[in-house]
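Inspection log for the structure reproduced underneath, given as structure tokens.
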Amino acid sequence: MLQHLHAVQLDSISVLARAHQLTLATRIPNATTSDVDAALNTATTAAAFVYPAHALSLVPLADWPLWAFRRRHTRTRPQYPDPRHRAAITDRIRAEGPLPLRALNTDQPSNGWNWGSTKTALEFMVWAGDLACTRYAAGQRLFDLPERCIPHPLLGDDLDDDTCLTRLLEHAAKTLGVGTADDFADYLRIRPATAARLLPDTALTPVAVQGWSSAWAHPSALARPEAARREPVFLGPFDNLIWHRPRVQRLFGFTQVFEAYKPAARREHGYYVCPLLADGRLIARADLSSTPSGLTVRRASFEAHAGPNALAQFTVACHAMAATTGTSRITIAADAADPLATTALRNSLG
């Protein structure tokens, strides 16, 4: 699945599960978030490295050479640490082995918005390829030397920028199937103008999509039969399908929002809101959380186009998410929706 998606976004919020756990587990039949952790953390050979491919993401090891363009660019940025600072960090890791931030940190504790000098240096060294992260310990990334954790044939920055980007655009298109230059650019976090310039050099095919100004499709998307129908499923809020909001609106007529960082009083749909995908449409959303006592639906709402089967589809997706997060108990909050809808949800879920 990592090889198919090429990037799986990471996030620290864990009220339901970690972002990457949801993205992977909901795509693999009968998988749980625990299965995902086991596959990523107990294998003899690491499956992925952490890199800012699309935000901070898990990226399959085989893609290391293709991010040479970003590693080179990082070394020109003013935040890139000076040689003396870099040497001090790499010398310590070389001598002591892979280390987490807390072992290397010489600053006051930092958070995701206010980085100290050590965290800044480490992040930019990862982005530049001076360090690599392929393992975790106690929930913390371990910073290591690339030559110790990236297979030797993959090391090096031999590919020029356009070659890297052309291949990555093909990867993004194979994952998305069809898209615009802006869609593919967002997937890779590159400039749309760069994507538009390079798309004619890829193996992609220009196609016409009603209502779109221009589009490109991967040959595999045009050749493969229609996908088999799948059961309704809640998507994690960092799922690849809903990364790019203009694309979500274009495809589904659905306005994707993420409100966790808003004050509670300003949230329309809730804290950790998961869209419901059913029969190829996004028809509802639910603010979900998981604790040892079970899955809780804290808030629920349905789109105007949800259709007559929406309640049954919502119920199926709830049971699937409960199983994914390792439980069978589902609770509907008293104020999840209006009284009639809340009662209907409780009755449907049994």
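The values are calculated or read from the model by the stated rules, or taken from the named source; none is laboratory data. Just so we're clear, the structure is a prediction, and the values are computed from it rather than from any experiment. Every residue, glycine among them, receives a Cβ derived from its backbone with ideal geometry; neighbour counts consider all protein chains shown.
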**Report entry** segment 202-259, residues that are charged (D, E, K, R), in contact (Cβ under 8 Å) with a residue 24 or more places away in the chain and in a loop (DSSP other than H, G, I, E, B)
**Finding:** Arg229, Glu231, Asp239
Query - Yes/no for Ala195 being in a helix (DSSP H, G or I), crowded, with 20+ Cβ neighbours inside 10 Å and touching a Gly at 6+ places or on another chain (Cβ under 7 Å) - result: no
Report summary line: Within segment 4-33, restricting to residues that are assigned to a loop (DSSP other than H, G, I, E, B), touching a Phe, Trp or Tyr at 6+ places or on another chain (Cβ under 7 Å) and among the β-branched types (Val, Ile, Thr), the one that is farthest from Leu58 (Cα to Cα) is Val15
Query raised in the report: For Arg346, are the conditions met, namely being in a helix (DSSP H, G or I), among the charged types (D, E, K, R) and more than 25 Å from Leu176 (Cβ to Cβ)?
Result: yes
Query raised in the report: Within the set of pairs 6+ apart or on separate chains, which have a first residue in segment 135-158 that is over 21 Å from Ala68 (Cβ atoms) and at pLDDT 95 or above, a second that is in a strand (DSSP E or B) and basic (Lys, Arg), and C-beta atoms under 6 Å apart?
Result: Leu142/Arg135
**Report entry** Test: Ala53 is hydrophobic (A, V, I, L, M, F, W, C), in the same structural domain as Gly129 (by TED's automatic domain parsing), in a helix (DSSP H, G or I) and at pLDDT 95 or above
**Finding:** no
Query raised in the report: Which ranges mark the helices (runs of 4 or more DSSP H) fully within segment 78-166 that have 3 or more residues being assigned by TED's automatic domain parsing to the domain that holds Val50 and closer than 21 Å to Ala55 by Cβ?
Result: 117-128
Report task. Scan segment 193-234 residue by residue and report those that are of a type in the set (D, E, K, R) and over 27 Å from Ile283 (Cβ atoms). Result -> Arg197, Asp201
Requested in this report: Residues that are under 26 Å from the mean Cα position of the chain (by Cα) and on the phi < 0 side of the Ramachandran plot: find the strands (runs of 3 or more DSSP E) completely inside segment 271-338 holding 3 or more of those.
Outcome: 273-278, 281-291, 294-302
Report summary line: For segment 268-319 the number of residues that are of a type in the set (D, E, K, R) and farther than 23 Å from Thr343 by Cβ is 2
